[in-house]
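What follows is one structure encoded as structure tokens, with my remarks underneath.
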Amino acid sequence: MIHTKLLYAMYITIVVELVCFSESKYCPMLVKESGITVLKDLISARQWSHCNNTLQLAQQIIDRCERFAVDSDYVTDDEQDIAE
């Protein structure tokens, strides 16, 4: 379990760096590949409640991608299908 938590912490740290580097490239990718859903599930899981730094980074990714979607009028494929 410790290895899993360490891997998640490393993954989230890398994703934060990528999103900060290029929101326009990585936020749509996270949405398309259900990464935002995975991060939200991670935040709500009780087993991670003591990993505040990891959870804060995960929330930072979600917040940045949500702001990107609003600021750029980014529309997911599902939303586009609904609109048509």
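Bear in mind these aren't lab numbers, they're just calculated from the coordinates by the rules spelled out. Just so it is clear, the model here is predicted, and its values are computed rather than measured. As a convention, Cβ positions derive from the backbone with ideal geometry for all residues, glycine included, and neighbour counts pool all protein chains shown.
Here r is the Cβ-Cβ distance between Ser24 and Asn53 and R0 is 30 Å; the resulting FRET efficiency, rounded to 0.05, is 0.70.
Look at the alpha carbon pairs under 8 Å that are at least 6 residues apart: their mean separation over the length of the stretch 2-76 gives a relative contact order of 38 percent.
For the stretch 2-76, the fraction of alpha-carbon pairs lying more than 21 Å apart is 22 percent, rounded to a whole number. Within the shell defined by Cβ-Cβ distances under 12 Å, the residues around Val16 carry a net charge of -2, with Lys and Arg each +1 and Asp and Glu each -1.
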